[in-house]
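Chemist: Let me begin by handing over the structure; questions about it come next.
Only the coordinates and a few stated rules stand behind these numbers; no lab work does. Just so it is clear, the model here is predicted, and its values are computed rather than measured. Positions of Cβ are backbone-derived with ideal geometry, glycine not excepted, and every protein chain shown enters the neighbour counts.
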């Protein structure tokens, strides 16, 4: 997690219906993550009790989006195992949907959309239905810190990534 991630974590925490586990290890098999096979440290696993949904939050300001896209590609390929691991290791409800929530600079959103289309390949869609929030929206002066309920209108984010 980079230094800007704390700004996003504060943004998430300002919505009192969200509960956040930062640097959460998601491992496909039980046991020691260093020896059990594929695993990832997610910037934040966020559980939204209002809407009964689980988010895997990733935060980046890297202009290349390389590491983020690589991770998303791996998640796309292993999605059912990731959801099972969240239920098994984090004791999260199996029947709650799991989505990816991405925080990237606003100017990178068009590039991210292109890269997301590349991940899905010939399939109809990406399995984790990403939600995208511009990093700029997480700046503390953009929301009320004591009751951020939901989000303000997102600038320049395609409709399919807003929900």
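Chemist: Within a 10 angstrom radius of the beta carbon, how do 109, 53 rank from fewest other beta carbons to most?
Modeler: On the way: 109 19, 53 16.
Ranked by crowding around the Cβ, least crowded first: 53, 109.
Chemist: For a quick check, take a GNM of the chain with Cα springs below 10 Å and name the residue from 113, 24, 91 with the largest mean-square fluctuation.
Modeler: Ranking 113, 24, 91 by mean-square fluctuation puts 91 first.
Chemist: Let me ask something additional. As a footprinting exposure proxy, order 83, 25 by other Cβ within 10 Å, with the fewest listed first.
Modeler: 25, 83
Chemist: Please order 49, 103 by the number of other Cβ within 10 Å, starting at the fewest. Can you show the working numbers first?
Modeler: On the way: 49 11, 103 26.
Least to most surrounded, the residues fall as 49, 103.
Chemist: On average over all directions, what projected area in square nanometres does the chain have, based on the convex hull of its Cα atoms?
Modeler: Its Cα hull, projected and averaged over all orientations, spans 9.4 nm².
Chemist: Pop a pseudo-label 7 angstrom from the Cα along the beta-carbon direction at both residue 106 and residue 30 and give the gap in nm to one decimal.
Modeler: Once both label points are built, they end up 4.8 nm from each other.
Chemist: A follow-up question, please. Quick check on the chain: helices-only [θ] at 222 nm, where DSSP H runs of length 4 and up contribute -39,500 (n - 2.57) each and the sum goes over total residues. Nearest 500, please.
Modeler: Calculated mean residue ellipticity at 222 nm is -8500 deg cm²/dmol.
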